[in-house]
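What follows is a short report on a single structure.
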Amino acid sequence: MSAEEVNTVRLVARLNELGAVGQLQEGGRTRLALTDEERQGRDLIVTWLHEAGAEVVIDKVGNIFGVLTGTSSGAPVMTGSHIDTVRRAGHLDGCYGVVAGIEVLDTIYRSGTKPDRSLVVAAFTNEEGVRFMPDLMGSRVLTKEMGLAEALQTVSTDGALFCNELERIGYAGTVEPWSLLPASYVELHIEQGPVLDSREVPIGIVEGVQGYTWWEVSISGQANHAGTTPMDLRFDAAVAAFELISEISRFVKAEGRTTVVTTGTISLHPNAINVIAGRANFTLDIRDANDASRVEAEIELRRLLNNLTEIGFDFEIECIAKNHAVKFNENICASIESSVSELGINSLRMVSGASHDAQMLARVCPTAMIFVPSRNGVSHNPEEHTETENLALGAKVLMKTIRKMINSDS
Ligand SMILES: [Zn+2]
């Protein structure tokens, strides 16, 4: 192996070693933010960063940074992801981006020439948002999307205070999170969706992240006897809801539209076999990489609801979450593309359907992401898998891209 190459054998071995932390008997692992299991994972990352020649810095929200100092005094180039998990998770998710970042840093350190810009490998605190809400907390605080004090006072689902847990596991650092604000950021991640795997393309160049809105909808009709009420005299909230859900799905499936709409929950009241539903409550998750076309679907939703009032129904609608689409930096996407062509492999331009720390970083610096395929598109599941060959390719693309980033003036 030449000094220019990333050690992909060690990359895979370390992913397995980290994956064994928090392992469950029934398969998978659970390493929720700021638990004892996550502390063990953090300790491994810190050890590996030291071995790679990095100086380790912990900030006040518990983000871990491995710094390889460059010759210029400018802001660093940053890569990384997160090592906290959901419950019963796979072993790749955020870990892949962090561990591959350490391999890249190690390779650059061993090459003996100092980079122009400093290189930082980050493991962000509480990306998943399972134990403490919201998600992306470490990168939110770093980019000042969330106040540090507010983050530290967050209470977990098990009743623990964020700052106490951070102290308890020994990761309450002294550095201000934004003191290492980068000049640019690139994140390597598994796709967590089926596109690359189904098309047999090893690398995704991620141009942005979908925006989304979550709606709670309630349609009211009239509960009545299932036997005595003729069909033309009913105000059946169940039928109204199902028709509306079908209509909005048809709308977004029209040619040229990219929006995806999901009704993941629905409940009928009074929910009895022989009573016409008087009320239907359901959710709509509406996503698109293009905010304007997502808004068009939302306008259509309102039009369909207004139509219902004309035939005797009532409705209530509430937006419970909203995130604008994120557009990544074209120069970094082009850098990734040239790294891919140097390796003589295929790639695909795409948008991410899942949230990532990169979307926070994109608010403060040029940012992009690199995806590798997830077998059958499965993630947040012990079955999560990426072929070793593709894990190696992703790390090589990250290496080449970071080389360009740390040696450019932009
Ligand atoms: Zn992730």
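What follows is calculated from the coordinates using simple rules that are stated; it is not laboratory data. Predicted model only: the values in this text are computed from it and were never measured. Every residue, glycine as well, gets a Cβ built from its backbone with ideal geometry; the counts of neighbours run over all protein chains shown.
If the viscosity is 0.692 mPa s and the temperature 37 °C, what translational diffusion coefficient in µm²/s does Stokes-Einstein give for the range 292-363 when Rh comes from Kirkwood over Cα pairs?
Details: Rh = 16.3 Å.
Roughly 201 µm²/s, to the nearest whole number.
Based on the alpha-carbon gyration tensor of the range 333-392 and its eigenvalue square roots a ≥ b ≥ c, which shape applies: rounded if a/c is under 1.5, prolate if not and a/b is larger than b/c, or oblate? Intermediate values should be presented prior to the final figure.
On the way: a/c = 2.45, a/b = 1.11, b/c = 2.20.
Oblate, since a/c reaches 1.5 and b/c is not below a/b.
When the chain is fully extended, how far beyond the present Cα-Cα distance does Glu200 get from Ser408, taking 0.36 nm per residue of separation?
On the way: separation 208, 0.36 × 208 = 74.88 nm, distance 3.23 nm.
So the chain would gain 71.6 nm between Glu200 and Ser408.
Pairwise over distinct Cα atoms, reciprocal of the mean inverse distance: report the Kirkwood radius of the range 73-228 in Å, one decimal place.
Working: mean 1/r = 0.0530 Å⁻¹.
Mean inverse Cα-Cα distance, inverted, gives 18.9 Å.
With unit charges on the beta carbon (Lys/Arg positive, Asp/Glu negative), name the residue among Gly256, Leu181, Cys319 whose Cα is farthest towards the positive pole of the charge dipole of the chain.
Leu181
Roughly how many Å is it from the Cα centre of the range 336-393 to that of the range 90-108, as a whole number?
Taking the Cα centre of each part, the range 336-393 and the range 90-108 sit 13 Å apart.
Can you tell me the FRET efficiency between Val56 and Met133 if r is taken as the Cβ-Cβ distance and R0 is 41 Å, rounded to the nearest 0.05? Intermediate results must be reported in sequence, preceding the final value.
Values: r = 28 Å, r/R0 = 0.68.
Rounded to the nearest 0.05, the efficiency is 0.90.
Cα axis of helix 237-253 to longest principal axis of the chain: angle in degrees, 0 to 90, nearest 10?
50 degrees
Add +1 for every Lys or Arg and -1 for every Asp or Glu among the other residues with Cβ under 9 Å from the Cβ of Glu176, and state the total. It would help to have the intermediate numbers written out before the result.
Working: positive: Lys60; negative: Asp59.
Around Glu176, the charge tally is 0.
Please pull out the direction-averaged projected area of the range 196-351, using the convex hull of its alpha-carbon atoms, in nm² to one decimal place.
Details: hull surface 46.5 nm².
Convex hull of Cα atoms, orientation-averaged projection: 11.6 nm².
Specify which residue in the list Val217, Leu196, Leu233 is farthest towards the positive end of the charge dipole of the range 187-235, using unit charges on the beta carbon of Lys, Arg (+1) and Asp, Glu (-1), about the Cα centre.
Positive-end residue among those listed: Leu233.
Principal axes first, then extents: for the Cα atoms of the chain, list largest minus smallest coordinate on each axis, whole Å, largest first.
For the chain, the Cα extents along the three principal axes come out at 84, 47, 39 Å.
Using 0.36 nm times the number of residues separating Ala354 and Ser267, minus their current alpha carbon distance, what extension gain do you get?
Details: separation 87, 0.36 × 87 = 31.32 nm, distance 2.63 nm.
Taking Ala354 through Ser267 to full extension adds about 28.7 nm, to one decimal.
Using 0.36 nm per residue, how much length does the chain from Arg257 to Arg363 gain when fully extended, once their Cα-Cα distance is taken away? Before the final figure, lay out each step's value.
On the way: separation 106, 0.36 × 106 = 38.16 nm, distance 2.66 nm.
The span from Arg257 to Arg363 would gain 35.5 nm if fully extended.
Could you calculate the FRET efficiency of Arg39 with Gln222 from 1/(1 + (r/R0)^6), where r is the beta carbon distance between them and R0 is 41 Å, rounded to 0.05? Show your work: numbers first, answer last.
Values: r = 56 Å, r/R0 = 1.37.
With a Förster radius of 41 Å, E is 0.15.
To the nearest 10 degrees, how steep is helix 36-51 against the longest Cα principal axis of the chain, on a 0 to 90 scale?
Value to nearest ten degrees: 30.
Sequence neighbours fewer than 8 away in the same chain don't count; with that in mind, list the lysines whose C-alpha is under 25 Å from Lys144.
Lys60, Lys322, Lys327
As I understand it, the value is the acute angle between the Cα axis of helix 291-310 and the longest principal axis of the Cα atoms of the chain; what does it come to in degrees, rounded to 10?
20 degrees
Taking the DSSP beta bridges in the chain as the whole, what percent of them are antiparallel, to the nearest 5?
Once the DSSP bridges in the chain are tallied, antiparallel ones form about 65 percent.
Can you give me the orientation-averaged projected area of the convex hull built on the Cα atoms of the range 300-410, in nm²?
Values: hull surface 44.1 nm².
So the mean shadow area of the Cα hull is 11.0 nm².
Once you have all Cα-Cα distances for the range 192-248, histogram them in 10 Å bins from zero and send the whole-percent values.
All Cα pairs considered, the percentages come to 15, 27, 18, 16, 14, 8, 0.
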